[in-house]
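Since the structure comes first, as structure tokens, the remarks are kept for the end.
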């Protein structure tokens, strides 16, 4: 399997498809998944002539189940190491959920200073800060996040079934038609990874304050989210991202869930392609 080793000895698995001379699109997955969550997007953009790259975050998928470094700084550092390993330049970085936080930290700290990034895309992303605090009253209460930790520690397998068959894709909404294939694939990806990485990752995606990351980014950034996101409420995420980013295009999709990159892949892919090509992204 294609992989490389970071400075702290972590082995990172990645996929790298398409012409090496083509413009790269780098995909950053959500918690607790793997690069496989982007298969639909990778096949779509590969067919459009792009070089498509995705990696398994440390402790996730086929990467090392290391005992530490499960925080946004290490996630971004690993993404930078991947970009250097493959010498990715003029790249578009696309992040979903936790991956959106990874993209924001990477672009701000490494990608732009190293002049490797052309554009960024944040989808249902966690920045600027997910947890509720005195300065972030619209955030998710810590009790909700603690319930995630408790459920994961008690019965991770059942917890992942419940998340995938419920709020992640909106399958718990009245009249929603559940796709067992999607649920099973989410569970499969989650169970491939490390319980420790996933447990500590809850703190990483919910308590990392990325306000300054968003303020620092100057490349054009596409911000996408559904207004029925039950995991990361859009009022405390994409709407705030748009206020902090210097150059952004914001699109809110009525009724779309957190996992819309899977359930509405055709819509999301078309909008990302328009953004990459410099065309206008149509209003929802």
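The values are calculated or read from the model by the stated rules, or taken from the named source; none is laboratory data. Bear in mind the structure is a predicted one, so any value in this text is a computation, not a measurement. Note that we place each Cβ from the backbone using ideal geometry, even for glycine, and neighbour counts take in every protein chain shown.
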- Item | Every residue from the range 110-144 that is crowded, with 19+ Cβ neighbours inside 10 Å and either over 20 Å from the mean Cα position of the chain (by Cα) or assigned to a helix (DSSP H, G or I) (or both) | 111
- Note on the structure: In the set 11, 6, 40, the lone residue that is touching a helix residue (DSSP H, G or I) at 6+ places or on another chain (Cβ under 6 Å), surrounded by fewer than 17 Cβ atoms within 10 Å (Cβ to Cβ) and at pLDDT 95 or above is 40
- Which of (1) more than 17 Å from the chain's Cα centre (by Cα); (2) in contact (Cβ under 8 Å) with a residue 60 or more places away in the chain is the odd one out, the single condition residue 281 does not satisfy? (2)
- Kindly provide the set of residues from the range 212-224 that are crowded, with 16+ Cβ neighbours inside 10 Å and either under 20 Å from residue 74 (Cα atoms) or without any contact (Cβ under 8 Å) to a residue 24 or more places away in the chain (or both), ordered by number. 213, 214, 216, 217
- Task: Identify, from the list 197, 153, the residue that is within 22 Å of residue 75 (Cβ to Cβ) and surrounded by fewer than 15 Cβ atoms within 10 Å (Cβ to Cβ).
- Result: 153
- Query: In the range 1-89, which strands (runs of 3 or more DSSP E) lie fully inside it and hold 3 or more residues that are touching a strand residue (DSSP E or B) at 6+ places or on another chain (Cβ under 9 Å) and over 16 Å from residue 269 (Cα atoms)?
  - Reply: 3-5, 11-17
- Query: So which residues in the range 163-194 are part of a helix (DSSP H, G or I) and crowded, with 16+ Cβ neighbours inside 10 Å?
  - Reply: 163, 164, 165, 182, 183, 185, 186, 187, 189, 190, 192
- Query: Does the range 243-277 hold any residues that are in a helix (DSSP H, G or I) and surrounded by 18 or more Cβ atoms within 10 Å (Cβ to Cβ), and which are they?
  - Reply: 244, 260, 261, 262, 263, 268, 271, 272, 275, 276
- Task: Could you please give the count of residues in the range 225-239 that are crowded, with 18+ Cβ neighbours inside 10 Å and under 15 Å from residue 121 (Cα atoms)?
- Result: 4
- Item | Test for residue 95: is it under 25 Å from residue 270 (Cβ atoms), touching a residue at least 12 places away in the same chain (Cβ under 8 Å), touching a strand residue (DSSP E or B) at 6+ places or on another chain (Cβ under 9 Å) and assigned to a loop (DSSP other than H, G, I, E, B) | no
